[in-house]
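Enquirer: Have a look at the structure that comes next, please.
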DNA sequence: TCAATCCAATTTATCTGATAAATCGGATTA
DNA sequence: TAATCCGATTTATCAGATAAATTGGATTGA
């Protein structure tokens, strides 16, 4: 009963089908779902079934055509960065591969995001990064949630780039942290080293030093990647 | 009448409202849209209006609550990497700022994508990159569309990373190319230099040299950025 | 026999209308 | 004055009917 939230019928159908699709229950090639089928399965009206299908289509998972039903689109069209899609994927992903993929992407764009944040040098947005950093420090001594303050730090960096196209990546960061922080903390205790690493990123950005910010972010994420790999090995997860 | 395609009523409503939202017609803060309002405006049924709203909500633009109507969500929740959202944004973006933002993001992740493609070294997926390269060469001598072959090259690189989270970025690349290739070609003629630059990326990936692939991609995109900036200056676009 | 065309059944798209559930704002009351 | 209650409005869901589009087989002609 964790977080059931009595969601709407449409959301219920959307979430269940989304998890099943991301879990690979339907062959991505050409399988099809019919309206009638969905209504019967969930004992719902056609309105609810159709709205759920529209949502899944909007996220790139389905393509609906009159008479043909809803076919699963090729993987390359799936909106893997969408928050819901990430959630559905998380439910069925193999931990090791999943976290590695997420960190590869974070390494690709967060380093440049830090560099951009440093060179833009927007006072307000950089202040938000520092604020998140202070929240992380508080969390490291037991005052607050370590995952959300960590996420807030990285989201603040994305916002400080002044580039809208970095914003949607915060969902990926959040997913990665939800996955890795509990795992690594359980093995290594509170991530003290992490706090120092975040501090280096913050100071480089505050100094307006793009190159140093890029390197500091790179060092930090490489460290996380190494730590997660160790953790996954130790716990024997696949 | 270019590309009208007689789309469905739902899609029509979705596209018009999407363009208006991305164009900033509705204050992102707290404005609201009512079902009744939408039905009346488009002379459509509530089903069509509701399905359009669900699609826009799925892309992070709206949040609908009983009695409250559909409110515009804060910008940070918008799915700017979604193909439709990118299209709506393109319709109202100021050319100079838009293309700069897109290229900043491309510089952030395409360099790492090239590096990953090189180190994974998957024969089939690298063959696809070469195939796209040959299509680009043909296009440079008038045989085929220069935009789509260029896009295919970069999408093939993303696919060759073996990382699903790079795939959704192909929409951004496609948008960037649709924007920049015609502009620069009109001023500089066929992009011969571009072909050489793509060749360098391809050879580095085929050689499995991650560092060289990363640098080749970086050089190429920096060059494009410089060229687009010049073009925008010359044409006097804002 | 084969190919092209046509037709009918099925499925999605859209509309209409009705009921349930949730929320906001004002009225009521202590 | 503040907390609570209640009614009106709006979204959520359901039900049923018609329109439009597509598939697959039947028909027709060479």
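Enquirer: When chain A is turned about an axis onto chain B, which of its residues keeps its C-beta closest to that axis, and how many Å is it?
Expert: Spelled out as residue then distance in Å, it is A:58, 2.
Enquirer: From Cα coordinates alone, what are the radius of gyration and Dmax values for the stretch B:134-191 in angstrom?
Expert: For the stretch B:134-191, the Cα-based Rg and Dmax read 12.3, 37 Å.
Enquirer: Name all residues of the stretch A:40-70 having a backbone nitrogen under 17 Å from the label point set 7 Å from the Cα of residue B:64 along its Cα→Cβ direction, giving them as ranges.
Expert: In the stretch A:40-70, the label zone of residue B:64 (backbone N under 17 Å from the point 7 Å along Cα→Cβ) covers A:45-59.
Enquirer: Also, quick follow-up: Using a label point 7 Å beyond Cα on the Cα-Cβ vector, give me the inter-copy distances for residue A:219 in nanometres, one decimal, shortest first.
Expert: Reported distances to equivalent positions: 3.0 nm.
Enquirer: How far is helix A:146-160 tilted off the main Cα axis of chain A, in degrees rounded to 10, range 0 to 90?
Expert: Approximately 80 degrees, to the nearest ten.
Enquirer: Give me the one-decimal nm value for the distance between modelled label points at residue B:9 and residue B:46, 7 Å along each residue's Cα-to-Cβ direction.
Expert: 1.4
Enquirer: Percent relative contact order of chain A, based on C-alpha pairs within less than 8 angstrom and at least six residues apart?
Expert: Normalised by residue count, the contact order of chain A is 21 percent.
Enquirer: So what's the Cα pair-distance distribution over the stretch B:126-238, bin width 5 Å, in %?
Expert: 2, 12, 21, 26, 21, 12, 5, 2, 0
Enquirer: Another question about this same structure. Suppose you put the label 7 Å out from Cα in the Cβ direction; list, shortest first and in nm with one decimal, how far residue B:16 is from each other copy's label.
Expert: 3.6
Enquirer: In bins 10 Å wide, starting from 0, what share of all Cα pairs of the protein assembly as shown does each bin hold, as a percent?
Expert: Result returned by the calculation: 4, 18, 28, 28, 17, 5, 0.
Enquirer: If the label for residue A:65 sits 7 angstrom from Cα along the Cα-to-Cβ line, what are its distances to the same label in every other copy, in nm to one decimal, shortest first?
Expert: Nearest first, the other copies' label points are 4.1 nm away.
Enquirer: Gaussian network model of chain A, Cα springs within a sub-10 Å range: biggest mean-square fluctuation belongs to which of A:103, A:63, A:22?
Expert: Sorting by GNM fluctuation, first place goes to A:63.
Enquirer: Going from the alpha-carbon gyration tensor of chain B, what semi-axes, largest first and in whole Å, does one get by taking the root of 5 times each eigenvalue?
Expert: Whole-Å semi-axes of the equivalent ellipsoid: 38, 20, 17.
Here, each number is a calculation from the coordinates, and none is a lab measurement. None of the values given here were measured: they were computed from a predicted structure. Cβ: placed from backbone, ideal geometry, glycine included. Neighbour counts: every protein chain shown.
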